[in-house]
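Every number in this text was worked out from the coordinates using simple rules, so none of it is lab data. Predicted, not measured: the structure shown is a model, and the values here were computed from it. Please note: Cβ atoms are built from the backbone with ideal geometry, for glycine as well, and neighbour counts cover all protein chains shown.
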Amino acid sequence: EDKVVQSPLSLVVHEGDTVTLNCSYEVTNFRSLLWYKQEKKAPTFLFMLTSSGIEKKSGRLSSILDKKELSSILNITATQTGDSAIYLCAVLVNAGGTSYGKLTFGQGTILTVHP
Amino acid sequence: ETGVTQTPRHLVMGMTNKKSLKCEQHLGHNAMYWYKQSAKKPLELMFVYNFKEQTENNSVPSRFSPECPNSSHLFLHLHTLQPEDSALYLCASSHWGLEAFFGQGTRLTVV
């Protein structure tokens with residue numbers, strides 16, 4: 001059974017701090033690893049990582065995949081109160097050839113940033 | 001706005017009611033998905049439709065009945081639900097196996 005585990009499950013920091021969120025996985029037919037941010041309802045897409053060791057960056061957020069260790073990290077530098085959210089890690093596995101894939105999600109990390 | 005629209009946003013229904021959730025995507029994607037998000041549990045895949053054909057049913061009870069009339073529209077018909085079915089139901093779509101885009105979800109409460 002495919003499995004995705006995130007840590008920590010919750011984290012409380014102050015504005016300006018840097019945080020690192022972890023994700024590990026055990027799946028068959030790995031295609032890519034995705035990070036989402038969920039503030040109220042809709043998870044919004046952050047990153048998709050397919051190749052090991054290549055960092056993806058968007059502003060203060062960055063992420064990298066380690067396919068040897070079956071893991072990924074999401075870094076947020078200089079955190080702001082607007083970063084408070086649930087951060088979801090998901091692994092996309094192959095299904096139905098290349099026309100679609102299936103996402104298996106971790107439990108999420110609840111990040112709270114205090115002013 | 002992700003291009004995936006779900007209605008209604010909130011729904012309260014009795015255990016004997018029949019209701020439907022609607023999802024529409026304006027992104028031209030070929031695959032659509034239903035996910036369930038319960039408190040303190042990871043998002044769970046329920047159904048996948050690819051080019052309007054059902055390709056995955058993740059052992060979902062028959063009281064949940066999906067329908068996909070075309071690649072842009074997806075429904076989830078609900079009947080005789082149980083209180084433990086109360087959850088956030090999320091629709092998503094994707095293009096040729098790339099990242100999925102989610103709708104705002106329907107918060108369902110079964111009383």
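Taking a straight Cα-Cα cut-off under 27 Å and skipping sequence neighbours fewer than 8 places away in the same chain, the lysines within cross-link reach of A:Lys41 are A:Lys3, A:Lys56, A:Lys57, A:Lys102, B:Lys18, B:Lys19, B:Lys22, B:Lys36, B:Lys40, B:Lys41, B:Lys52. Taking 7 Å steps out from each Cα toward its Cβ at A:Thr28 and A:Glu55 produces label points 3.6 nm apart. Take each peptide in B:59-66, A:104-111, count the other Cβ atoms within 10 Å of every residue, and average; sorted highest first, the result is A:104-111, B:59-66.
One decimal place: the segment B:Ser38-B:Thr7 gains 9.3 nm when fully extended, by the rule 0.36 nm per residue minus the C-alpha distance. Note that chain B carries a Kirkwood radius of 13.8 Å, evaluated over its alpha carbons pair by pair. Sites listed here are trypsin sites (Lys or Arg not before Pro) in segment A:23-115 whose DSSP assignment is loop and whose Cβ has at most 15 other Cβ atoms within 10 Å: A:Lys40, A:Arg60, A:Lys67, A:Lys68. Label zone of B:His77 (point 7 Å out along Cα→Cβ, amide N under 18 Å): in segment B:23-38 this covers B:23-24, B:34. The Rg/Rh ratio for chain A, using Cα coordinates for both the radius of gyration and the Kirkwood hydrodynamic radius, is 0.97.
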